[in-house]
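Here is the structure we will look at, set down as structure tokens.
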Amino acid sequence: MLHPKKSLGQNFLIDKNIINKITSLKNIKNRNILEIGPGRGALTEKILEKNPKSLILIEKDYKLYEVLKKKYKNNNKVTLFNSDILKIDLEKIIDIKSIVFGNLPYNISSQILVKLIKFKNWPPKFTDLIFMFQKEVAEKIIGKSFGRLTIITNYRLKLSNKFNVSPNCFYPKPKITSSVLHLSPIKKEINKIKNLDNLEMITNIFFSNKRKMIKKNYKKILGKKRIKNLNLNLRPSDLKSEIYYKITELYEEKL
Ligand code: SAH
């Protein structure tokens, strides 16, 4: 067996109940599936048992890729890429109405999520994201600890399910508890941000001074323009996500 690589966030799932629970969150039969970081194939095997229409696998580790390639060489449903998920043109290769699974490499899990949120075409070519995160990151996503990731996620995704996973369910055992989130795209955008990079940039500015009142940064971004009933003496985490969308829209109007 190959030695797990820490640098690639390799914590392989070994608990059958959890593998079952994750792959039962959505009906897989006859669906297009994409899996990020299949590793040794813990989720992959279970997904294939459930008879999907197609399965795309993206694995960065060349050694694991080779093993998977050998294993699935006669399975015409499986398409395998030896690529970095952050570099591949995901929007191009993903099949329509895909369900995306991933026990994600923790060091880049939020970057992966943001990449999917920033798809150019919306509604996107995926109907569900079923991802394993560090519990701490999951709480930032769902707003239990409100921040940038909450705001960016809320713009395009809604939570449909979540549960925690103990370190004992993995090999090697991580130090932290994990959480599975099931997220789905919001079909119609309520706000009209032109470029999500601007929302990222603006939240970055506000949240780099978490304890400071928003006044100074607000004026830096929007000058004299005001939002009705918005108190500029509040701190960044006191504002609802919608206010950040509004600030971004107003900023884009000035461009
Ligand atoms: N799904 C497997 C493995 C999870 S560990 C399981 O549950 O057992 C995370 C996996 O993501 C590893 O296989 C790792 O090699 C892979 N990975 C790490 N960084 C990646 C990247 N940038 N792009 C694609 N895969 C990556």
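The values are calculated or read from the model by the stated rules, or taken from the named source; none is laboratory data. Remember, it's a predicted structure, so these values are computed and weren't measured experimentally. Because the Cβ atoms are built from the backbone with ideal geometry, glycine has one as well, and the counts that use them run over all protein chains shown. Accessible surface areas use protein heavy atoms only, side chains included; no ligands, DNA or RNA. Shrake-Rupley method; radii C 1.70, N 1.55, O 1.52, S 1.80 Å.
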- With each pseudo-label sitting 7 Å past Cα toward Cβ, what's the Lys69-Asn191 distance in nm, one decimal? 4.4
- For 30-43, 133-146, ranked highest to lowest by mean beta-carbon neighbours within 10 Å, the order is 30-43, 133-146
- Note on the structure: Everything considered on the Cα gyration tensor (a ≥ b ≥ c; rounded for a/c under 1.5, else prolate if a/b is larger than b/c, else oblate), the stretch 73-220 must be described as oblate
- Item | the stretch 78-208 - charge dipole about Cα centre, Lys and Arg +1 at Cβ, Asp and Glu -1, debye rounded to 20 | 280
- Task: Might you report the magnitude of the Cβ-based charge dipole of the chain about its Cα centre, with Lys and Arg at +1 and Asp and Glu at -1, to the nearest 20 debye?
- Result: 720
- Task: Whole Å is fine, so just give me how far the alpha carbon centre of the stretch 209-255 lies from that of the stretch 131-151.
- Result: 22
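What 222 nm value per residue comes from the helices of the chain, counting each DSSP H run with n ≥ 4 as -39,500 (n - 2.57) and dividing by all residues, nearest 500 deg cm²/dmol? Walk me through the intermediate numbers first.
Numbers: 10 runs with 90 residues, N = 255.
Mean residue ellipticity at 222 nm (helix-derived): -10000 deg cm²/dmol.
Say R0 is 22 Å: what FRET efficiency, to the nearest 0.05, do Asn82 and Asn121 get from their beta-carbon distance? Mind showing how you got there, number by number?
Numbers: r = 26 Å, r/R0 = 1.18.
It comes to 0.25.
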- Could you list, in their original order, any pairs among Lys5/Lys162; Lys188/Lys216; Lys97/Lys188 whose Cα atoms are separated by more than 23 Å? Lys5/Lys162; Lys188/Lys216
- Query: Per residue, what accessible area does the chain have, given a 1.4 Å probe and all protein chains present, in Å²?
  - Reply: 54
- Run the numbers on the chain and let me know its relative contact order in percent, using alpha-carbon pairs under 8 Å that are six or more apart. 16
- All aspartates and glutamates inside 14 Å of Lys192 as judged from Cα atoms, apart from same-chain residues fewer than 8 positions distant: Glu242, Glu249, Glu252, Glu253
- Note on the structure: Binned at 5 Å from zero, the C-alpha pair distances of the chain give percents of 1, 6, 13, 16, 17, 15, 11, 8, 6, 4, 2, 1, 0
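Given a cut-off of 23 Å, what percent of all Cα-Cα pairs of the stretch 1-111 lie beyond it? Write down the numbers at each step before the final one.
Working: 1381 of 6105 pairs.
Percentage above 23 Å: 23.
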- Item | Label zone at Glu252 (point 7 Å along Cα-to-Cβ), backbone N below 13 Å, the stretch 181-210 | 189-202
- Which entries in the list Lys187/Lys228; Lys29/Lys125; Lys140/Lys210 go over 20 Å, if you measure between the two C-alpha atoms of each? Lys187/Lys228
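Just list whichever of Lys21/Lys158; Lys71/Lys175; Lys120/Lys246; Lys63/Lys135 have alpha carbons separated by over 27 Å in the model shown. Please report the intermediate quantities before stating the final value.
Values: Lys21/Lys158 20 Å; Lys71/Lys175 31 Å; Lys120/Lys246 20 Å; Lys63/Lys135 29 Å.
Listed pairs above 27 Å: Lys71/Lys175; Lys63/Lys135.
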- Query: Put a dot 7 Å past each Cα toward the Cβ at Lys225 and Leu2; how far apart are the dots in nm?
  - Reply: 4.9
- Query: When DSSP assigns beta bridges and you keep just the ones with both residues in the chain, what percent turn out antiparallel, to the nearest 5?
  - Reply: 45
